[in-house]
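What follows draws every value from the coordinates through simple rules; no lab data is involved. Keep in mind the model is a prediction, meaning the values are calculated, not measured. Neighbour counts run over all protein chains shown; Cβ positions are idealised from the backbone, glycine included.
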Amino acid sequence: MGSSRTNHIFKLKYLVLGRPEENAVDQVVRRTLVKALYSSPFSLVIGAVTTVTAASAAAWVSQLPGLWLAAAVLAIIAAVRIVASLGLSPDDEDNSVTTLELTYEIGAFSFALALGTTAAFTILVDAVSQVQVLMVANALGYGVGVSARNAGRPIIAIGQLTFSCIPIAVASFWTMQIAYAALGLTIFLLITAQSVITRRIFSELRDSIASANANALLATKMEIQAHTDVVTNLANRAGLNQALARAMENFTEESKLALIWIDLDRFKEVNDLLGHPVGDKVLKGVAQRLQDVTPDGSTVARFGGDEFIVLCPIDGLKHAELIASEIHCEIMCPMRIDGELLEIRASLGVALLPDDTEDAEQLMQRADLALYHAKVGGRAQTCFYEPSMSRDLVRRREIEAELRTAIQRDELSIFFQPIVDLETGKIKTFEALVRWFHPDKGELRPDEFIPVAEETGVIVTLGNWITVQAARIAASWPDDVTVAVNLSPLQIRAPGAALGIKNALREAGLPAHRLELEVTESLFIEDNHATAAFIEELSEMGVRFALDDFGTGYSSLSYINSFPFSKIKVDRSFVSGSQAGQKSDAIIQAVAKMGNTLGMDIVAEGLETADQVSAVRAAGCNLGQGYHFSRAVPDYLAAMLLSQERGDDRQRASA
Ligand code: C2E
Ligand code: CA
Ligand code: CA
């Protein structure tokens, strides 16, 4: 703890003051101060003009050739300095601080020395007093003024002061006259005092520049921290917002942007099973891969949890598709963490600017919506935004809001579709299929609201209600007719699921063997103890299980082997769908053969024509369901179908 604190302080110091040996901030301060030397070339011109004018006036009055020479030398030095200072820009990083400083020093010192020597000369040759006064005042004034101006570089300031004043002091003592000696002494005191002042100005100047620089650095560092995610070092939500705002500012008519929203599938399980440190490593690994694979100029951000967002410039849709597929491949590549190979999967949602929207906020919403579709569509896939998704969303929200009250308002009812024995043509089972008669929207299909019910968890209440209703109605049918109820995985995994079914049976007075529960393979994707316990407990009671929609998912035979299914329902896509054909006939045949061997019923779903019926019969299916026999009908019609069938039987028997 203590050492990390020291370390932290050291880092802060490092940041503010730079490395102890090579103080970065000192360098910055020095450059700032050297810049000040060059900051007002105009003052150089004024200094030069007054001095050269004074020397010329002195030469004119005294008619001393030496003073004309001095005026000329001063003019030449001044001209060279002005030219040099114009040619050397202190803002140009190519010009080193040392070069800048040295150039200034040479010019400044030679000018000061020339001026001081000129003034000393007027004393030594005992020029007329007005000439002496003019030049001495000029040299001293120059020295004092310039030492204040150049306090930022004390060596230069004090050097200039010394070079412009010392010759006068020396000449003054040389005359051996009391007044002049006093002048010499004054000059020494002046140099000493002025040096102290210069040094003080310098240290104050330096400290304030250093602290301003350190503050600026600290502010930059804090700004960066506020926009960075600690785990991955990527931009965080704020950083992404900033990048998005910047991208919008620089957006031109030709530019295009893709916003790719990435969500790791089942990341919670990684955290729960392997621990957060491993979870963090996965996040870091994904962050690195995203950075590797995205084009230059992209922003990669972690949007919290297991979500990442990539914002990247693109040429068009094709380019975006390519980037998205590269990202997908890269993430799905097994990741080695602590010696273990982990397979990470991700769903991607993509929205494009300006194709899908011209607004930054909407861009996010639309990518999110596309991501939602990718997840609902089975995860581990990429979806691009489509306008229909927005329409779906509105409708889904409405459904979500109204579903809870639909049961209370009596808007739901259960319809029954017969499952027929293909040999005898008799109804063996009715499958319960829920319907929602919405006062404004009309009849809603379960495909539309069951997924919403699953997402919101309403399915548990809804499913219980359906089971109770279906069992109650089935209790009024002849004993040999069973009822099949569809169960969602979520319903089965909910606590007390088996108890709910038992209660429904008890309330309705329906024997367990007359209830059949239809489940899909998706139930088994997650190896769940609760699922197995549910199936075991109910089958021991006599409840039967059917594997629904067989052929659409993994179609793994291992489920059939591990669970006590009494029925397999071959999905209607094999019978009447676009895939139906020779190949599906062969599949139906194989499944039917297996079913017969294992003593299971095989149901062909979606039978719409007599031809399809004879085809599946020939393939070996013993049961059939579909519009050819009947659509799903209300309970009173189901009862009528049954009594009609039994009536026919009786008629035939009596005949
Ligand atoms: P599913 O379990 O596969 O039910 C069969 C679906 O196929 C029913 O649609 C039925 O009307 C339809 N169908 C039957 N014969 C034919 C045919 O010859 N041709 C065609 N094209 N379609 C036929 P529905 O009632 O819209 O139900 C759709 C799905 O909604 C069901 O598929 C089931 O997965 C789910 N679902 C329905 N009711 C419930 C329920 O009470 N609980 C749960 N959890 N899911 C339900
Ligand atoms: Ca079903
Ligand atoms: Ca089905």
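Listing for the model above:
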{"quantity": "Members of LYS428/LYS502; LYS426/LYS593; LYS221/LYS375; LYS35/LYS221 lying beyond 29 Å, as alpha-carbon distances in this model show", "calculated": "LYS221/LYS375"}
{"quantity": "Percent RCO, i.e. relative contact order, over the range 548-655, from Cα pairs under 8 Å lying at least 6 residues apart", "calculated": "23"}
{"quantity": "Tilt relative to the chain, helix 24-37 - C-alpha long axis, 0 to 90 degrees, to 10", "calculated": "50"}
{"quantity": "Overall dimensions of the range 464-540 as given by Cα atoms, namely Rg and Dmax in Å", "calculated": "12.4, 38"}
{"quantity": "Helix 65-87 vs. the chain, principal-axis angle (Cα, 0 to 90°, nearest 10)", "calculated": "0"}
{"quantity": "Charge dipole (the range 406-654, unit charges on Cβ, about Cα centre) - positive-most of ALA632, GLY425, GLN469", "calculated": "GLY425"}
{"quantity": "Computed lengthening from ASP447 to SER654, 0.36 nm per intervening residue step minus Cα-Cα distance", "calculated": "70.0 nm"}
{"quantity": "Pairwise label distance in nanometres, ASN250 with ALA512, each label 7 Å out on the Cα-Cβ vector", "calculated": "6.9"}
{"quantity": "Rel. contact order, % - alpha carbon contacts under 8 angstrom, at least six apart, the chain", "calculated": "7"}
{"quantity": "Overall Cα dimensions of the range 2-220, principal axis frame, Å, largest first", "calculated": "76, 39, 22"}
{"quantity": "Restricting the range 68-105 to GluC sites (Glu not before Pro) in coil, as DSSP defines it, with at most 14 other Cβ within 10 Å", "calculated": "GLU93"}
{"quantity": "Euclidean distance of C-alpha centroids, the range 299-348 and the range 406-473, integer Å", "calculated": "40"}
{"quantity": "Straight-distance crosslink candidates among lysines, where the alpha carbon sits under 24 Å from LYS256 and sequence neighbours closer than 8 are dropped", "calculated": "LYS318"}
{"quantity": "Dimensions in Å of the range 185-248 - Rg and Dmax from alpha carbons", "calculated": "23.3, 70"}
{"quantity": "Paramagnetic reach from LYS375 (point 7 Å along Cα→Cβ, amide N under 15 Å) across the range 298-337", "calculated": "303-309"}
{"quantity": "Whole-number D in µm² s⁻¹ for the chain, Kirkwood Cα-pair radius fed into Stokes-Einstein, 10 °C, 1.306 mPa s", "calculated": "47"}
{"quantity": "Efficiency of FRET between ILE76 and THR192 - r from beta-carbon atoms, R0 35 angstrom, step 0.05", "calculated": "0.65"}
{"quantity": "Part-to-part distance (alpha-carbon centres) for the range 570-615 and the range 34-78, which is given in Å", "calculated": "109"}
{"quantity": "Principal axis dimensions, largest first and in whole angstrom, of the range 534-655 by Cα", "calculated": "48, 40, 28"}
{"quantity": "Inter-label distance for ASN596 and SER208, nm, one decimal - labels placed 7 Å from Cα along Cα-to-Cβ", "calculated": "10.1"}
{"quantity": "With at most 16 neighbouring Cβ atoms within 10 Å, loop chymotrypsin sites (Phe, Trp or Tyr not before Pro) (DSSP) excluded, longest segment of the chain", "calculated": "252-553"}
{"quantity": "Crossing angle, helix 154-175 versus the chain [Cα axis fit, 0-90 degrees, rounded to tens]", "calculated": "0"}
{"quantity": "For the range 43-143, radius of gyration divided by Kirkwood radius, i.e. Rg to Rh on alpha-carbons", "calculated": "1.06"}
{"quantity": "Low-density loop cleavage sites - GluC sites (Glu not before Pro) in the range 330-409, where at most 14 other Cβ are within 10 Å (DSSP)", "calculated": "GLU343, GLU358"}
{"quantity": "Debye, to nearest 20: dipole size of the range 237-385, +1 on Lys, Arg Cβ, -1 on Asp, Glu Cβ", "calculated": "420"}
{"quantity": "Per-selection Rg to Rh, the range 237-385 - Cα, Kirkwood hydrodynamic radius", "calculated": "0.97"}
{"quantity": "Per-bin percent of Cα-Cα distances, the range 100-185 [5 Å]", "calculated": "3, 17, 26, 23, 14, 10, 6, 2, 0"}
{"quantity": "Nitroxide proxy distance, nm - points 7 Å out along Cα→Cβ at ALA181 and LEU342", "calculated": "9.1"}
{"quantity": "Per residue, the convex hull volume that the Cα atoms of the range 406-654 enclose (Å³)", "calculated": "139"}
{"quantity": "Gap separating the Cα centres of the range 112-163 and the range 175-254, nearest whole Å", "calculated": "32"}
{"quantity": "Computed FRET value (nearest 0.05) for SER39 with ASN215, which takes r as the C-beta separation and R₀ as 25 Å", "calculated": "0.70"}
{"quantity": "Pairwise FRET efficiency - MET332 versus ASP479, Cβ, R0 = 51 Å, nearest 0.05", "calculated": "0.45"}
